[in-house]
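Asks: Right, I'll just put the structure down here and ask away after.
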Amino acid sequence: MEHDFTPYLMAGEQIMWQGKSHKEGPPVVMRSSGNVKAFAIIWLLMCSGMFIPVIFLQISELSGGVLAGFIVMFIVFEGLGIWLLIYAVHYTQEYYCITDKRFIVMLEDGRISMSSELSHVLSAEITGIENGYGTISMKTDIVRHTRIRGHRHTMREYWSMRGVDDPSECFRILTGILQINDEYRFIR
């Protein structure tokens, strides 16, 4: 099912390219699933190795409250490991749209998760190609400043389209729009 972006377009805005993420493409950087999967499996094994012997070998010696506490801790720690494992392997489909003015991302359920002007994009690059699908990353001029424990942190915002079909065609269209927007900005 293809998602329709037309209700979200502004007056005079035109769709230049639209596509969707593919599971067969390169993995998402944030979710480098191999590392998260490995950590989740190790976590589950460690928790099982620590809690199960205590619960089953010492069950007769543990009183009701202590036994209940161990069982609750076991469920919490094992649940965290299971959640991490599900997070690492779960795939969510994203739909992308590049207009002559904006970059729009729609989720599987039809909600818009991002809609930003392309004038914020400083550069774009194809960061990975796998099985014919590629990821296109866009560096923006949007910078977020945070202060944590007295230290100031600056983080630049990056946008990406992961696992898109025919990434070179998408990249060509995107860079063409960016070049036109830069020329228009320079003329003004």
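Asks: Starting from residues that are aromatic (Phe, Trp, Tyr) and under 26 Å from residue 11 (Cα atoms), keep the ones in the range 102-161 and report whichever is surrounded by the fewest Cβ atoms within 10 Å (Cβ to Cβ). Give the derivation first.
Replies: Initially, the range 102-161 is screened for residues aromatic (Phe, Trp, Tyr), giving 103, 133, 158-159.
Restricting the remaining residues to those that are under 26 Å from residue 11 (Cα atoms) gives 103, 159.
Values: 103: 21, 159: 19.
So the residue we want is 159.
Asks: So, one more: Which members of the range 3-22 meet the condition of being farther than 19 Å from residue 169 by Cα and touching a residue at least 12 places away in the same chain (Cβ under 8 Å)? Please lay out each step first, then the result.
Replies: Within the range 3-22, the first condition is being farther than 19 Å from residue 169 by Cα, and the residues that meet it are 3-13.
3, 5, 8, 9, 10, 13 - these are the residues of the range 3-22 that are farther than 19 Å from residue 169 by Cα and touching a residue at least 12 places away in the same chain (Cβ under 8 Å).
Asks: Now, a different point. Filter the range 162-175 for residues that are farther than 21 Å from residue 114 by Cα and surrounded by 13 or more Cβ atoms within 10 Å (Cβ to Cβ) and give the result.
Replies: Result: 166, single match.
Asks: Would it be correct to say that residue 163 is at pLDDT below 90, among the small types (Gly, Ala, Ser) and touching a helix residue (DSSP H, G or I) at 6+ places or on another chain (Cβ under 6 Å)?
Replies: no
Asks: Checking the condition touching a His at 6+ places or on another chain (Cβ under 8 Å), of a type outside the set (Val, Ile, Thr) and closer than 30 Å to residue 43 by Cα, which residue from 163, 79, 110, 128 passes? Can you show your working first?
Replies: Details: 79 fails: touching a His at 6+ places or on another chain (Cβ under 8 Å); 110 fails: closer than 30 Å to residue 43 by Cα; 128 fails: touching a His at 6+ places or on another chain (Cβ under 8 Å).
Answer to the check: 163.
The values are calculated or read from the model by the stated rules, or taken from the named source; none is laboratory data. Quick caveat, the model's predicted, so the values are computed rather than measured. Neighbour counts are summed over all protein chains in view; Cβ atoms, including those assigned to glycine, are modelled from backbone coordinates with ideal geometry.
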